[in-house]
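Heads up: the structure comes next, in structure tokens.
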Amino acid sequence: MTTSATGFLSVDKPAGPTSHDVVEDARRRLRTREIGHAGTLDPPATGLLVLAVGRATALLQFMEFDKSYRAVVRLGAETDTLDATGKVLATKPVTRSAEEAAAAILALKGKRLQRPPMVSAVKVGGVRLHELAREGKTVERPEREIEVSRVDVVRVALPDVEFDCDVSSGTYVRVLAEDLGRALGCGAHLFSLRRTRVGPFHVENAIPPSGIELSRLAPPSAGVAHLPARELSMEEAAAVGHGRAVAWTGRGLVRLVLGSRLLAIAEGSGTLAKPRRVFPEGL
């Protein structure tokens, strides 16, 4: 039996399983193969993993949310993976004060260029970086702009420091840990990481993998509620169903809706909204 349910699940991933492990478990529990996620978590990391179920998987491409994390960074040791799972490459004494460490954490706020680590799922030449890393290979990775929009110091107990941060989609907190170690002149690695938010989804509302069930599904609209909406007439709805554009003065992504039904996600040009993904039966 395969379920026809659709929507989003907020799961609190424990340390150990991969994000794919959680997805596979959810597929078994919900009896459907149609499940994806809105951003992976490494096996040692814990916290919020947002799963899309059924036709809601089509909305994942429109959900590049900023995310929130609580990170513990250990100063004085660099590893080849930039986290606690890796081989220690170098150690240095931590000579800076707690006040200087706290100031360096706060200085992480802002925009910067960041190079994805080799132990990441980013693809270069069609191959994921972590697959190349397992083969002992290192390749050039293009930098991209990321933003740390908020950072708060939680605890400084040298050599460990703990902080909360809000970061743009695609930011690697382990690279921020490396940046922190470089700024303090002692090296560092990410010791532990917990994701607490993905856009409008919060870990406080998440369930453990063992609690995955259909009754916990949030509606598909929860994944795109951040987008502006354009209400359609019946005639316009018929046109959108055939992929035709409708008048819209905004720019960027917009929801095309008929009452409570989501009929399409469209791209606004300033005069028109052209459908990028159409849902003929509505979501």
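The values are calculated or read from the model by the stated rules, or taken from the named source; none is laboratory data. In this text the structure is predicted, and so the values were computed from the model without any measurement. Virtual Cβ from ideal backbone geometry, glycine too; neighbours counted across all protein chains shown.
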Next on the checklist: So Gly270 ticks every box in (1) within 30 Å of Lys111 (Cβ to Cβ); (2) buried (at least 19 other Cβ atoms within 10 Å of the Cβ); (3) out of contact with any Asp or Glu (no Cβ under 8 Å at 6 or more places or on another chain); (4) not aromatic (Phe, Trp, Tyr) but one. Which box is left unticked?
Outcome noted: (2)
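Suppose the filter is in contact (Cβ under 8 Å) with a residue 60 or more places away in the chain, surrounded by fewer than 21 Cβ atoms within 10 Å (Cβ to Cβ) and among the hydrophobic types (A, V, I, L, M, F, W, C); does Ala84 pass it?
Numbers: in contact (Cβ under 8 Å) with a residue 60 or more places away in the chain: yes; surrounded by fewer than 21 Cβ atoms within 10 Å (Cβ to Cβ): yes; among the hydrophobic types (A, V, I, L, M, F, W, C): yes.
The answer is yes for Ala84.
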Next on the checklist: What are the pairs with Cβ atoms under 7 angstrom where one residue, in segment 42-68, is under 23 Å from Cys165 (Cβ atoms) and touching a residue at least 60 places away in the same chain (Cβ under 8 Å) and the other, located anywhere, is of a type in the set (S, T, N, Q) and in a helix (DSSP H, G or I)? Sequence gap at least six, or different chains.
Outcome noted: Leu49/Ser19
Next on the checklist: So, in segment 14-26, exactly how many residues are more than 15 Å from Arg216 (Cβ to Cβ), surrounded by 16 or more Cβ atoms within 10 Å (Cβ to Cβ) and either without any contact (Cβ under 8 Å) to a residue 24 or more places away in the chain or of a type in the set (D, E, K, R) (or both)?
Outcome noted: 0
Next on the checklist: Would you confirm whether or not segment 182-196 contains a residue that is over 20 Å from the mean Cα position of the chain (by Cα), farther than 23 Å from Thr81 by Cβ and at pLDDT 95 or above?
Outcome noted: no
Next on the checklist: So if I check each of Ala5, Ala101, which one is outside any loop (DSSP other than H, G, I, E, B) and either touching a helix residue (DSSP H, G or I) at 6+ places or on another chain (Cβ under 7 Å) or outside the structural domain of Ser210 (by TED's automatic domain parsing) (or both)?
Outcome noted: Ala101
